[in-house]
């Protein structure tokens, strides 16, 4: 089984991004494929990759005890991407993958030039006091959070409050009517673009 997929743009911008998946999926999930295709169309070299826990077994959730291995796998892919492109390198992930990406960036400031965090799992559904934000005060990497208004892992108001603890540049992109899967492969990538057409 392949654990990495590359998207090569026709007109490279010099930038690259590594994308990974959530706890119940792999890098073949429709959302990641759609986002990868959209970013590639802007000129980015894109790598979709499976986290370490998914490389070990095709099904089942990750273990809290092996999160460091997932982050190590992310770092390895970022380092390899640095060798493939001349410009900035970004890191992104959906849900659990985004959480691990943000934790890695908090641990190693400067490792990546920006984060794309889709459906960050702020807390377990129906457990709003169990926040997964301990590393937020150490996160200085420019970060774009994409969150649906129907996401049970945190509402928009909760996300806004949590993001206020991040010292680095933060942008929250709200996907109206979207749940945790961000409408799967139908997510509108144009929501990410700023007035100048850029994401970061």
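Where a number appears in this text, it was derived from the coordinates with a stated rule and is not lab data. Since the model is a prediction, treat every value here as computed from it, not as a measurement. Note: ideal-geometry Cβ built from the backbone for every residue, glycine included; neighbour counts use all protein chains shown.
Data overview
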{"item": "Largest-first ellipsoid semi-axes for the chain, taking √(5λ) over the Cα gyration tensor eigenvalues, angstrom", "result": "23, 19, 17"}
{"item": "Mean Cβ count within 10 Å, highest first, over the residues of peptides 87-99, 61-73", "result": "87-99, 61-73"}
{"item": "The chain: calculated mean residue ellipticity at 222 nm from DSSP helix runs of at least 4, using -39500 (n - 2.57)", "result": "-8000 deg cm²/dmol"}
{"item": "Label-point separation, residue 65 to residue 140 (7 Å along Cα→Cβ), nm", "result": "3.5 nm"}
{"item": "Mean-position separation - Cα centroids, segment 90-140 and segment 11-33, in angstrom", "result": "16 Å"}
{"item": "Residue 149 versus residue 80: modelled label distance in nm, points set 7 Å from Cα along the beta carbon direction", "result": "4.0 nm"}
{"item": "Reduced Cα scattering model of segment 9-65, Debye log10 I(q)/I(0), q = 0.17, 0.21, 0.24 Å⁻¹", "result": "-0.57, -0.75, -0.87"}
{"item": "Per-pair calculated FRET efficiency, R0 = 25 Å: residue 191 and residue 161 via Cβ, rounded to 0.05", "result": "0.70"}
{"item": "Of 189, 74, 32, the one that fluctuates the most in a GNM where the chain has Cα springs shorter than 10 Å", "result": "189"}
